[in-house]
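Trainee: This is the structure I have questions about; it appears just below.
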Amino acid sequence: MRYALAAVCLFVPRGVGAMGWTHRKRRGAEPGPSSDAAESLSCAAGLLNFIKPAAVYHMDNPTDRETLLRTLWVGEYWPWVARFTQDNPALDSLFHSLKVDGEPTRVKQKKAISWPRFENIFRCYIRARSQKYVPLETAALSVCFLHYKVPHPAWEAVAALTKAVMAHSWTEQLCEDALALNPNPIYKTACGMTAAVFDNLEMKVGYGSYATLDSSAHRIPMTNWATAFLPSSAVGSDFDIRQMLGSGGIFRTDVVLDAFKDLFNHNAPDLVDLRRQRWFDYFELAARGILWVKENYDSPHPKTYFEWHDPIWDRLQASYEDVNFELDLMRSHKYHKDAHCIQLGGDGLSYMRLIHRLSQDPRRFLQSTPVVIPRLGEAPHGKFHLMHGGWRLWAPLILKMAAVAGNTFVKVDPTISEFNEHEHFLRIVVEAFCEYVIEIGATGSDHKRHDSFIRFAMRNLSFAYICMFLDLFGFAYVQFRKSVHKNDSKTLDKLWRDNLTTARTSKANKTNYSKMSVVLVYWGCALREPLQSVFHATRTLRWINTHVGWDFPIEQLNNWIKASVKAHVTKEQIRKFISHLNFTHCVSRGLLDIVRRERADRAEYLKPIQTTKDLIKEYLREKIGPDFATATQESDANLLNLDMSDWGGDRNDQQRRDGAPWEQMRRDSQNFRDYVGDAVSGPNGLCKWHMWR
């Protein structure tokens with residue numbers, strides 16, 4: 001012990017005491033040999049005594065093991081960050097002062113970071129001392145490895161070389177033990193209203209690039225679903241569906257059908273104001289280079305807790321028989337059977353099936369508890385279909401910009417699997433057009449004055465393409481993304497109303513989403529209070545640091561299953577994976593929260609785009625003009641050399657004007673009032689139960 005103390009004293013930073021603070025000499029006092037020795041011994045004693053902080057558990061102790069499991073279930077690990085460093089300041093100072101190979105110590109001002117520099121070393125030291133001691137972070141990281149299916153060789157190497165994770169078998173047993181202690185959400189949940197998300201999945205088993213007579217290839221069809229626990233902050237304490245059912249039902253009786261139809265007029269005053277304000281605001285953001293950056297949004301709701309259920313085997317959504325079976329199963333589940341109301345959400349197909357069943361049997365689903373409220377998933381599926389309709393309509397302009405940029409991947413009619421690449425190119429085009437319009441406006445007129453600038457732009461058909469593309473499509477898509485992120489239900493309704501004009505054009509041809517748009521807006525305005533406020537407050541679901549559509553959680557589940565259950569694919573393997581997911585998903589989200597808490601939002605770009613934008617802007621300057629006077633001079637010529645076959649041809653000026661996208665929208669929307677009326681109350685209407693005033 002004596003020699004150990006002497007050795008440690010050699011590494012004690014000068015002036016650092018046992019607890020890491022600096023000792024100051026008392027005025028007039030001369031330190032003697034005895035005081036120096038006492039100080040050195042005090043420092044050495046502090047350095048040789050490692051203090052084990054809270055949230056370190058001994059696995060032979062049943063109480064410790066249960067406490068670890070309950071702490072992991074909470075999913076909020078921020079209170080435990082940096083506790084090793086805080087409880088061992090002397091050792092932290094020692095590590096900061098050590099020299100490596102005699103190099104001068106790098107004296108840097110300590111940053112106010114969320115994760116201290118030597119925190120991981122202290123944690124691994126505890127693990128190296130004894131395999132029985134397991135810090136909270138070690139257990140959580142191990143569960144995260146299991147959640148993301150880290151390959152066994154990589155897992156074993158990390159466990160052996162770093163002590164940062166536990167063994168695979170230990171982690172699997174931990175998950176099994178955790179399922180018995182599921183505390184469900186830690187926040188106060190809504191009373192009287194529950195929620196669930198669902199979607200179908202078909203797994204292919206044994207398929208290969210060859211076929212034989214005795215092939216064992218087969219499919220496993222299923223519908224996956226999960227309960228989403230809504231927070232009480234979104235519903236309120238005065239919510240009572242049964243009282244509403246006993247006093248006239250859940251729908252308003254003061255809604256005028258003609259007034260509802262007029263909501264979808266492209267020139268409705270609130271929609272015109274929306275476009276004007278969006279034009280001004282988004283050019284401001286584009287000038288600052290942050291058009292696509294997500295705005296900070298402090299959600300009033302906690303992260304939504306999901307409980308993933310066993311799949312509904314051998315059922316999809318191809319028949320009403322399957323849909324009825326799934327609805328009955330979900331409504332009779334223990335989490336939902338006693339609720340007054342259940343919100344059910346999913347992608348477009350799920351929503352279409354739901355609204356058809358409600359229209360076919362409103363007494364069963366709307367007049368008896370639990371009442372079914374359909375929710376359309378707006379991100380990623382709703383977002384894709386809104387982009388898809390606009391992309392089809394504006395395809396000649398977009399594809400010309402792709403040719404200018406040398407992009408051979410984008411095409412006229414992208415599929416949802418190609419969504420990310422096409423959305424990325426749309427970002428490039430929108431930014432390039434914005435920067436070009438800003439350049440033009442700087443030489444002649446204020447580009448942020450919507451009405452007057454659009455009038456000037458209309459003189460030159462090719463310049464009008466650029467401005468109207470931003471006004472009618474590009475900015476609307478950006479606003480849709482931002483509104484989902486901020487749970488801005490009122491703006492989302494306006495965007496769906498405005499989008500009907502685009503969706504109903506023959507080029508966009510979004511037949512199903514046109515009708516679903518009308519029904520979605522109907523539910524948002526036809527419900528009685530307080531149900532209407534609840535409907536808008538739960539328009540989207542809180543994920544980790546953002547809000548997502550009702551289709552996102554179950555889409556994630558399907559992706560996890562396809563990515564993780566690859567070998568020996570059986571129903572039991574899928575069921576086991578999903579059962580573990582209740583725990584592993586909760587833990588992995590907690591880890592992501594502490595890792596990303598102090599970070600800025602990730603950049604919206606998949607790769608640098610300045611070179612591509614420059615190519616597009618240079619092409620526009622060359623073809624349309626580099627200044628306001630040139631860009632707005634009278635011209636109906638096809639200056640951009642677009643392929644006009646999808647826009648009515650290129651034989652004369654009048655044909656080019658008539659084929660412009662905004663003219664197509666005007667012509668195809670002339671009967672919008674009849675269309676909206678038929679969608680809700682016609683012979684095949686989807687809301688025929690409503691008593692309009």
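The values are calculated or read from the model by the stated rules, or taken from the named source; none is laboratory data. Everything numeric here is computed off the predicted structure, so don't read it as measured data. Glycine gets a Cβ as well: all are built from the backbone with ideal geometry, and neighbour counts include every protein chain shown.
Trainee: For segment 229-257, how many residues are touching a Gly at 6+ places or on another chain (Cβ under 9 Å) and within 30 Å of Gly677 (Cα to Cα)?
Mentor: Initial filter on segment 229-257 (touching a Gly at 6+ places or on another chain (Cβ under 9 Å)): 235, 239-242, 257.
Retained after the next criterion (residues that are within 30 Å of Gly677 (Cα to Cα)): 241-242, 257.
Within segment 229-257, residues that are touching a Gly at 6+ places or on another chain (Cβ under 9 Å) and within 30 Å of Gly677 (Cα to Cα) number 3.
Trainee: Which one of these does Ala286 not meet: (1) touching a strand residue (DSSP E or B) at 6+ places or on another chain (Cβ under 8 Å); (2) in the same structural domain as Leu495 (by TED's automatic domain parsing)?
Mentor: Of the numbered conditions (1) touching a strand residue (DSSP E or B) at 6+ places or on another chain (Cβ under 8 Å); (2) in the same structural domain as Leu495 (by TED's automatic domain parsing), the odd one out for Ala286 is (1).
Trainee: Just for segment 570-596: of the residues that are surrounded by 17 or more Cβ atoms within 10 Å (Cβ to Cβ) and of a type in the set (Val, Ile, Thr), which one is nearest to Trp73 (Cα to Cα)?
Mentor: Val587
Trainee: Any residue in segment 122-134 that is outside any strand (DSSP E or B) sitting within a Cβ distance under 7 Å of a residue that is surrounded by 12 or more Cβ atoms within 10 Å (Cβ to Cβ) and among the charged types (D, E, K, R)? List the pairs, counting only those 6 or more apart or interchain.
Mentor: Correct list of pairs: Arg123/Glu137; Cys124/Lys163; Ile126/Lys52; Arg127/Lys163; Ala128/Lys163.
Trainee: Please state which of the following conditions Lys482 fails to meet, knowing it meets all the rest: (1) closer than 21 Å to Leu541 by Cβ; (2) among the basic types (Lys, Arg); (3) not in a helix (DSSP H, G or I).
Mentor: (3)
Trainee: Please determine, by comparing only the residues of segment 654-684 that are out of contact with any Ser or Thr (no Cβ under 7 Å at 6 or more places or on another chain) and not in a helix (DSSP H, G or I), which one is surrounded by the fewest Cβ atoms within 10 Å (Cβ to Cβ).
Mentor: Pro683
Trainee: Could you look through segment 452-504, keep only residues that are buried (at least 22 other Cβ atoms within 10 Å of the Cβ) and hydroxyl-bearing (Ser, Thr, Tyr), and pick out the one that is farthest from Leu426 (Cα to Cα)?
Mentor: The selected residue is Thr501.
Trainee: Out of the residues in segment 332-357 that are buried (at least 23 other Cβ atoms within 10 Å of the Cβ) and aliphatic (A, V, I, L, M), which is nearest to Leu686 (Cα to Cα)?
Mentor: By that ranking, first place goes to Leu354.
Trainee: Which of the residues spanning segment 443-487 are in contact with an Asp or Glu (Cβ under 9 Å, 6 or more places away or on another chain), farther than 24 Å from Glu378 by Cβ and among the aliphatic types (A, V, I, L, M)?
Mentor: Ile454, Leu461
Trainee: Next question. Out of segment 427-455, which residues are within 22 Å of Leu271 (Cβ to Cβ) and of a type outside the set (Asp, Glu)?
Mentor: Answer for segment 427-455, where residues must be within 22 Å of Leu271 (Cβ to Cβ) and of a type outside the set (Asp, Glu): Val430, Phe433, Cys434, Val437, His447, Lys448, Arg449, His450, Ser452, Phe453, Ile454, Arg455.
Trainee: Taking the criterion of being at positive phi and either in contact with an Asp or Glu (Cβ under 8 Å, 6 or more places away or on another chain) or part of a loop (DSSP other than H, G, I, E, B) (or both), would at least one residue in segment 229-241 satisfy it?
Mentor: Start the filter on segment 229-241 by keeping residues that are at positive phi, which leaves 236.
Then drop every residue that is not either in contact with an Asp or Glu (Cβ under 8 Å, 6 or more places away or on another chain) or part of a loop (DSSP other than H, G, I, E, B) (or both), which leaves 236.
Scanning segment 229-241 turns up at least one residue that is at positive phi and either in contact with an Asp or Glu (Cβ under 8 Å, 6 or more places away or on another chain) or part of a loop (DSSP other than H, G, I, E, B) (or both).
Trainee: Does Pro185 count as in contact (Cβ under 8 Å) with a residue 12 or more places away in the chain and closer than 28 Å to Tyr335 by Cα? Write out each step before concluding.
Mentor: Working: in contact (Cβ under 8 Å) with a residue 12 or more places away in the chain: yes; closer than 28 Å to Tyr335 by Cα: yes.
Against the criterion (in contact (Cβ under 8 Å) with a residue 12 or more places away in the chain and closer than 28 Å to Tyr335 by Cα), Pro185 qualifies.
Trainee: Also, quick follow-up: Can you name every one of the helices (runs of 4 or more DSSP H) wholly within segment 373-443 that holds 2 or more residues which are of a type in the set (D, E, K, R) and within 16 Å of Val478 (Cα to Cα)? Write out each step before concluding.
Mentor: On the way: elements: 383-393, 395-405, 419-441.
Correct list: 419-441.
Trainee: I've got another one for you. How many residues, within segment 259-279, are part of a helix (DSSP H, G or I), in contact (Cβ under 8 Å) with a residue 24 or more places away in the chain and not aromatic (Phe, Trp, Tyr)?
Mentor: Final tally of qualifying residues: 8.
Trainee: Does Met166 fit the bill of being farther than 22 Å from Phe583 by Cα and either buried (at least 22 other Cβ atoms within 10 Å of the Cβ) or modelled with pLDDT under 95 (or both)?
Mentor: On the way: farther than 22 Å from Phe583 by Cα: no; either buried (at least 22 other Cβ atoms within 10 Å of the Cβ) or modelled with pLDDT under 95 (or both): yes.
No; evaluated as a whole, the condition is false for this residue.
Trainee: May I ask you to list pairs of residues, at least six apart or on different chains, whose Cβ atoms are under 6 Å apart, with the first in segment 471-494 being touching a residue at least 40 places away in the same chain (Cβ under 8 Å) and the second being of a type in the set (Asp, Glu) and in a helix (DSSP H, G or I)?
Mentor: Val484/Glu378
Trainee: Spot the failing condition for Leu329; the list is (1) of a type outside the set (Ser, Thr, Tyr); (2) surrounded by fewer than 20 Cβ atoms within 10 Å (Cβ to Cβ); (3) not in a helix (DSSP H, G or I), and only one is missed.
Mentor: Among (1) of a type outside the set (Ser, Thr, Tyr); (2) surrounded by fewer than 20 Cβ atoms within 10 Å (Cβ to Cβ); (3) not in a helix (DSSP H, G or I), Leu329 violates only (3).
Residue-by-condition table, conditions (1) out of contact with any Lys or Arg (no Cβ under 9 Å at 6 or more places or on another chain); (2) surrounded by 21 or more Cβ atoms within 10 Å (Cβ to Cβ); (3) on the phi < 0 side of the Ramachandran plot:
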| site | (1), (2), (3) |
| --- | --- |
| Ser368 | yes, no, yes |
| His381 | yes, yes, yes |
| Gly389 | no, yes, yes |
| Ala405 | no, yes, yes |
| Ser417 | yes, no, yes |
| Ala442 | yes, no, yes |
| His450 | no, no, yes |
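Trainee: Among the numbered criteria (1) in contact with a strand residue (DSSP E or B) (Cβ under 9 Å, 6 or more places away or on another chain); (2) modelled with pLDDT of 95 or more, which one does His585 miss?
Mentor: Of everything listed in (1) in contact with a strand residue (DSSP E or B) (Cβ under 9 Å, 6 or more places away or on another chain); (2) modelled with pLDDT of 95 or more, His585 misses just condition (2).
Trainee: Do you know which residues across segment 161-175 are in contact with a helix residue (DSSP H, G or I) (Cβ under 8 Å, 6 or more places away or on another chain) and either outside the structural domain of Asp60 (by TED's automatic domain parsing) or in a helix (DSSP H, G or I) (or both)? Steps first, please.
Mentor: Keep residues of segment 161-175 that are in contact with a helix residue (DSSP H, G or I) (Cβ under 8 Å, 6 or more places away or on another chain), which gives 162-168, 170-172, 174-175.
Hits for segment 161-175 are Thr162, His168, Trp170, Thr171, Glu172, Leu174, Cys175.
Trainee: Right, Glu634: within 17 Å of Val430 (Cα to Cα) and out of contact with any Cys (no Cβ under 9 Å at 6 or more places or on another chain) or not? Lay out the reasoning, then the answer.
Mentor: Working: within 17 Å of Val430 (Cα to Cα): no; out of contact with any Cys (no Cβ under 9 Å at 6 or more places or on another chain): yes.
When the stated conditions are applied, Glu634 does not pass them.
Trainee: While we're looking at this one, here's another question. Among the residues of segment 332-358, what is the count of those that are outside any helix (DSSP H, G or I) and of a type in the set (A, V, I, L, M)? Quick ask: steps written out before the conclusion?
Mentor: So in segment 332-358, the residues outside any helix (DSSP H, G or I) come out as 332-347.
Cutting the leftovers down to of a type in the set (A, V, I, L, M) gives us 339, 342, 344.
Qualifying residue count, segment 332-358: 3.
Trainee: In segment 517-540, which residues are crowded, with 23+ Cβ neighbours inside 10 Å and touching a strand residue (DSSP E or B) at 6+ places or on another chain (Cβ under 6 Å)?
Mentor: Selection gives Thr540 alone.
Trainee: Next up: Give segment 35-63 a look and list any residue that's under 37 Å from the mean Cα position of the chain (by Cα) and surrounded by fewer than 16 Cβ atoms within 10 Å (Cβ to Cβ), or say none. So that I can check it myself, show each step before the final result.
Mentor: Looking only at segment 35-63, we keep the residues that are under 37 Å from the mean Cα position of the chain (by Cα), and these are 53-57, 59.
Answer for segment 35-63, where residues must be under 37 Å from the mean Cα position of the chain (by Cα) and surrounded by fewer than 16 Cβ atoms within 10 Å (Cβ to Cβ): just Ala54.
Trainee: Step by step: first the residues of segment 189-211, then only those that are small (Gly, Ala, Ser), outside any strand (DSSP E or B) and surrounded by 12 or more Cβ atoms within 10 Å (Cβ to Cβ), then the one that is modelled with the highest pLDDT. Which residue is that?
Mentor: Going through segment 189-211, the residues small (Gly, Ala, Ser) turn out to be 190, 192, 195-196, 206, 208-209, 211.
Next, from what is left, pick out any that are outside any strand (DSSP E or B): 190, 192, 206, 208-209, 211.
Cutting the leftovers down to surrounded by 12 or more Cβ atoms within 10 Å (Cβ to Cβ) gives us 190, 192.
Numbers: Ala190: 93, Gly192: 89.
Result: Ala190.
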